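Just so it is clear, none of the values below were taken in a lab; they were calculated from the coordinates. Computed from a prediction, not measured in an experiment: that's the story for all the values here. Cβ atoms come from the backbone with ideal geometry, glycine included; neighbour counts cover every protein chain shown.
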């Protein structure tokens with residue numbers, strides 16, 4: 001071995017002893033073991049990334065909570081004011097009824113009173129139809145349908161053709177769009 005190699009080996013051995021004893025400063029320790037430096041910088045980068053992701057998560061969570069609260073409030077407002085449009089259209093019909101009642105007090109001809117009441121009634125039906133409410137018509141003679149009708153009683157059918165079919169409608173049924181809002185109360189034949 002040459003003299004230089006021996007000195008380098010002694011220096012490396014003394015540095016390792018100094019590291020074990022903690023006598024080296026940070027730059028000397030990094031020069032001895034660069035893997036420790038790489039590991040700590042990777043850890044620092046990961047910690048920074050975790051902090052950024054946590055911040056991003058908290059922001060997204062708070063945005064979602066705000067969105068959820070806002071939509072819940074909008075839904076509640078919509079439910080409370082959903083019938084406002086219909087009520088505004090029915091109010092003039094109530095006014096018509098009030099005028100008809102006043103006119104009926106002085107009127108002695110029953111046909112005129114009936115005609116006035118029918119006009120107001122048809123105006124109400126027309127308003128409801130414009131909103132999508134439809135009367136279930138032409139039920140008599142058709143087969144009983146449990147999806148749209150409620151059988152309140154069953155009587156002997158006048159003929160064999162009416163067995164299991166609707167004989168009479170006690171109370172009309174109504175639909176709103178495709179949804180039944182009131183089932184028709186019917187009498188069926190047995």
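Quick look at the numbers
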{"quantity": "Sorted by Cβ neighbour density within 10 Å, fewest at the top, the residues 58, 128", "calculated": "58, 128"}
{"quantity": "Proxy reagent accessibility, fewest Cβ within 10 Å first, across 97, 121", "calculated": "121, 97"}
{"quantity": "Three-way shape label, the range 132-190, alpha-carbon gyration tensor, a/c 1.5", "calculated": "prolate"}
{"quantity": "Relative contact order (%) - the range 132-190, alpha-carbon pairs under 8 angstrom, separation at least six", "calculated": "45 percent"}
{"quantity": "Overall form of the range 83-131 per C-alpha gyration tensor (a/c, 1.5; a/b vs b/c)", "calculated": "oblate"}
{"quantity": "Anisotropy class of the range 31-190 from Cα gyration tensor, a/c 1.5 cut", "calculated": "oblate"}
